[in-house]
Amino acid sequence: YRLALMVLLGVGLLTAMLLRNSAEQARQRAEAELARANALVRFVEEDLISRANPLILGKGADAPLREVLLAARARLGERLDAQPLTAAALHLNLASLFNTLDLWSEAEVETARALDLYRRELGDASPEARHARAIRVRVLARMSRFEEAAQELALLAPIDGAAAADALQALAASTYHLARGAYAEAVPELERAIATPVGPLQSPVLRDSLVIDLIAALGLSGRSADAVRTFERFATELAARPGDSTLLLALAQLSAARSYSLEGDHRRAEAVLLEAQSIIGAQLGNDHSRMLSLLNELMGVYFRQSDWARVIPIAKDVQQRLQAKLGETHVATWISLGNLGRAHYEAGDAATASPILREAHQRLLSVAGAANPQTQDVVLVRASAALAQGLSAHDLLSALDPAILENGRSTGYWPQTLDLLQGMQAVIDGNPVCAQHLLLTGLSALQADPASRRSRLYRDAEA
């Protein structure tokens, strides 16, 4: 009995100690959560809501959101110094908001801060750190900082059996490929991210963004019918949602317009763009990147109808506005210059097009590299314009890779298109037998493609 009593007392004492420790840990957790909640409330009330008050900010009802966010950001580190994980989450949320407002440099700084905090507190392989790294890849890619984005993306290799890690890698990779113009590579990554709604990808806002990107990527990769179907399903879903989805619908219309035009319904494409234009202008502003993308798509609708009187002024306006907004290191600035050169070439003015295309080519080599699909596309148009003027284009033709061109703009006809160019070069070289074979081969194959038949290259090769 004495032994049994001692054992019982020992068990009781141990249980009491464990319960005391458990209660102490629970108390410490509760205090930590309370401190975290209080710090968060103070940040929201004093640094966001108060600074949005017109009496405090001093700008009345016209106080812009960007100024409120920038002012709040300056206080975040000091306010949440003792709450690093809360601070990290807020840095990441601010990065998303800055990205939406086209404040990409500010967004990049916030992703770096969030990533540093998560790595320090939870480790580099933690889900939180991987999430921050994925968002960082997206921001860097949108800034055309492709080398840095690729380095960060390499650190997001999928983890066996971890669906969330795989989805985050797909999320980051999709934006990286989209920004580089590798649309065929972007599509499966977008589909993989959308199909794996785990972790951060459970966010409805993020899913909507991915669906809108998928609609655009499908159209750009030659799957316009799939893009239209995806858009129409998404539009039906938005119509059934509670609340105001007007801006989301407008952004989806922007992504779908090209595909309506590629399917031959130019009137529908123009109508959805004009409908979206007023909404995007009112809610995001006329200088927002989405508005410039919309003008570019509207130009594309007129381009496919050979309405050069409307195409060229829009192309020039978009290029000037993009250069002013994004500067000389962003890939979009020089893609738009290439579009202006292409418009002049397709309008039959190869002499005006050539110097424009030369500059676009040289600039894209600098910011994106020779293997970038957008660079290759400009090289092709530059070669076409040179040959149209009876000038040799051997160096340009040797730089073209049909696989890279297909990755950027899927047509299935790039080898035959290059046959036309090589055939025109053979004419200049004085080799009529080779020229005839290449031209006949290319024209025969491209006759089945309406878009190719409308092109200036096809008509020049035919002549």
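The values are calculated or read from the model by the stated rules, or taken from the named source; none is laboratory data. On a predicted model such as this, the values are computed, not experimentally measured, just so you know. So basically every Cβ, Gly included, is an ideal-geometry build from the backbone, and we count neighbours across all protein chains shown. Accessible surface is based on the protein model in full, side chains and every heavy atom, while ligands, DNA and RNA are left aside. Shrake-Rupley method; radii C 1.70, N 1.55, O 1.52, S 1.80 Å.
Before moving on, here are some points about what is shown:
- Within the range 164-208, tally of residues that are loosely packed, with under 15 Cβ neighbours inside 10 Å and small (Gly, Ala, Ser): 2
- Scanning the range 452-463 for residues that are open to solvent by 70 Å² or more (accessible area, probe 1.4 Å) and not aliphatic (A, V, I, L, M) yields a total of 4.
- Residues being modelled with pLDDT under 95 and open to solvent by less than 50 Å² (accessible area, probe 1.4 Å) are entirely absent from the range 226-237.
- Thr417 meets all of the listed conditions (1) outside any helix (DSSP H, G or I); (2) among the hydroxyl-bearing types (Ser, Thr, Tyr); (3) touching a residue at least 40 places away in the same chain (Cβ under 8 Å) but one, namely (1).
- Considered as a group, the residues in the range 104-130 that are within 16 Å of the chain's Cα centre (by Cα) and of a type outside the set (D, E, K, R) include one that is least open to solvent (accessible area, probe 1.4 Å), and that residue is Ala107.
- Scanning the range 328-349 for residues that are surrounded by fewer than 17 Cβ atoms within 10 Å (Cβ to Cβ) and among the hydroxyl-bearing types (Ser, Thr, Tyr) yields a total of 1.
- On inspection, Val427 fails the criterion of being among the β-branched types (Val, Ile, Thr), buried (at least 21 other Cβ atoms within 10 Å of the Cβ) and in a helix (DSSP H, G or I).
- Test set (1) at pLDDT 95 or above; (2) open to solvent by less than 50 Å² (accessible area, probe 1.4 Å) - Asp449 fails condition number: (1)
- Exactly one residue among Leu365, Leu405, Leu440, Leu400 is among the hydrophobic types (A, V, I, L, M, F, W, C), at pLDDT 95 or above and open to solvent by less than 50 Å² (accessible area, probe 1.4 Å), and that residue is Leu400.
- The range 277-335, residues that are among the small types (Gly, Ala, Ser) and without any contact (Cβ under 8 Å) to a residue 12 or more places away in the chain: Ser278, Gly281, Ala282, Gly285, Ala309, Ala324, Gly327
- Scanning the range 261-289 for residues that are open to solvent by less than 10 Å² (accessible area, probe 1.4 Å) and either assigned to a loop (DSSP other than H, G, I, E, B) or not β-branched (Val, Ile, Thr) (or both) returns Ser261, Ala269, Leu273, Ala276.
- Residue within the range 391-401 that is of a type in the set (Gly, Ala, Ser) and within 28 Å of the chain's Cα centre (by Cα) present: yes
- Highlighted here are the helices (runs of 4 or more DSSP H) found entirely within the range 131-225 that include at least 2 residues which are over 27 Å from Arg258 (Cα atoms) and over 16 Å from the mean Cα position of the chain (by Cα): 146-154, 163-180.
- Here the range 290-327 is the region considered, the condition is being polar (S, T, N, Q) and surrounded by fewer than 18 Cβ atoms within 10 Å (Cβ to Cβ), and the residue that is nearest to the chain's Cα centre (by Cα) is Gln323.
- Verdict on Asp460 being part of a helix (DSSP H, G or I) and touching a residue at least 40 places away in the same chain (Cβ under 8 Å): yes
- Qualifying residue in the range 121-129 (condition: among the acidic types (Asp, Glu) and at positive phi): no
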